[in-house]
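These notes concern the structure reproduced below.
Bear in mind these aren't lab numbers, they're just calculated from the coordinates by the rules spelled out. Predicted, not measured: the structure shown is a model, and the values here were computed from it. Methodologically, a virtual Cβ is constructed for each residue, glycine included, from the backbone with ideal geometry; neighbour enumeration extends over all protein chains shown.
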Amino acid sequence: MSLRLIALASASLLVATAAFAAEPNATAIHARALVLDSHVDVPVTFDPAVDGDGQVDLPKLERGQVDAAVLAVFVSQGLRTPEGYAKAKSDADAKLAAIRAVAQRHPDRAVLALSANDVEAAAKAGKRAIIVGFLNAYPFGESLEPIDAYYRAGVRSFGFVHAGNNAYADSSRPSGGTKVEWNGLSPLGKAAVGKLNDLGVIIDVSQLTPDGVFQTLKLTRAPVVASHSGVRGVVDAPRNLSDAELDAIKANGGVVQVVAFGPYLVKPGPDFAAKVAPIRAQFGLPATFAKPADGTEVLSPAQRTDYSHAVNALLPKATVKDFVDSIDYAVKRIGVDHVGIASDFNHGGGVVGWANEGEAANVTAELVRHGYSEADIDKLWGGNWLRVFRKVEAARR
């Protein structure tokens, strides 16, 4: 284990000890809740039965009493060429197979959940519900046809973009020099909304531009989910949702799953720009930057990832309290019925106190410390997401 992981684990243990010492009822509340993490990434090669270095596996899900997790079929944005699409589709197929294999290889411990009822049944049986999500339509190129096959294979949540525009929609974090291409959704993306509604797939609006979010809400006949988003009222980042977006998702009947991703939870210090300047120079970017565009759209996807990691390392470490503070903001704005919880593990997610799925109970302890009732905690952890899933199922044709 690296020194960084050891330090993070030690800090997490201190947070956990303090939280449970102060809130002994949190253990029982957590055990009774249906705990669902709405966005997790997985490597293709991981062994779900091994309690390894990754943030998510069956032992950690069991230790953290996490009943369900949405594991994402995710491929980074690349060149929009026939060759690029073919490589991305191959990678997506491999990721899909790896996710399905969790339940196939360990039927005594996990279930591939295709409905809200499946999720609840798995929890009652003491098994982990594995829900297949999808993020970034780039592997599907300029076609809607792959959606049907992926639905048959188990996909029940679908996000249009990641970091970079694709043939479906604009990204809140464009790359490659093109900031606005479709003014939200493309004609293909607009058609995808109806198709996903017809199938009974949850539409995930995380990563979209505000125009894309509002257009999706106008077109959909079912509630939506923002599977892993922060709130701009806490940190002004392009990926975070504005108050207007929060309000619109509430009006749609949807749910915002607040993400435990440090840079979206805590503001940088006053000397942050000075610290970032040499990193920007290293990547050939101007020394100063302004939001929402900061010049990173000229970087390649690989460069952008390296830049983001270097910059994020300069930010203060977010704690589980910071995470629940963002949940508080969303709850005060749109109500506890429209807010949920996501980790974004294995793709940058994790805070001190919730560094992996095995520490999920610390979130419950912090929610108790913030004054949330058991009924509200049930809604935040899984109840609200499952309510939306049922509404989506009822709206299909």
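Give me the percent relative contact order of the chain, please, defined on Cα pairs under 8 angstrom at least 6 residues apart.
On the way: 810 pairs, mean separation 86.1, N = 397.
Relative contact order comes out at 22 percent.
Only DSSP H runs of four or more residues enter the estimate; each adds -39500 (n - 2.57), and after division by the residues of the chain the mean residue ellipticity at 222 nm equals -13000 deg cm²/dmol. In angstrom, the C-alpha Rg and Dmax of the stretch 197-236 are 11.2, 36.
Sort TYR138, TYR151 so that the residue with the fewest other Cβ atoms within 10 Å of its own Cβ comes first and the one with the most comes last. Walk me through the numbers before you get to the answer.
Values: TYR138 26, TYR151 20.
Exposure proxy ranking, most exposed first: TYR151, TYR138.
Eigenvalues of the alpha-carbon gyration tensor of the chain, scaled by 5 and square-rooted, set the equivalent ellipsoid semi-axes at 29, 26, 21 angstrom, largest first. Summarising the label geometry, the points placed 7 Å from Cα in the beta-carbon direction at ALA287 and ALA31 lie 5.9 nm from one another. Under the convention that each Lys and Arg Cβ holds +1 and each Asp and Glu Cβ holds -1, the size of the dipole of the chain around its Cα centre is about 440 debye.
When the chain is described by a simple charge dipole with +1 on each Lys and Arg Cβ and -1 on each Asp and Glu Cβ, the residue from LEU36, ILE327, TYR85 located farthest towards its positive end is TYR85.
Phi angles of the stretch 92-104 translate, via the Karplus equation with coefficients 6.51, -1.76, 1.60 and θ = phi - 60°, into HN-Hα couplings of 5, 4, 5, 5, 4, 5, 5, 5, 4, 5, 4, 6, 5 Hz per residue; Gly and Pro are given as x.
How much FRET efficiency would the formula 1/(1 + (r/R0)^6) give for LYS179 and ASP51, where r is the Cβ-Cβ distance and R0 is 56 Å, rounded to 0.05?
Working: r = 43 Å, r/R0 = 0.77.
It comes out at approximately 0.85.
For the stretch 58-103, the fraction of alpha-carbon pairs lying more than 16 Å apart is 51 percent, rounded to a whole number. For the stretch 177-219 versus the stretch 231-265, the spacing of their alpha-carbon centroids is 17 Å.
What full-extension length gain, to one decimal in nm, is calculated for ALA86 and ARG105 as 0.36 nm per residue of separation minus the Cα-Cα distance? Display every interim value, and only then the final one.
Numbers: separation 19, 0.36 × 19 = 6.84 nm, distance 2.78 nm.
Full-extension gain reported as 4.1 nm.
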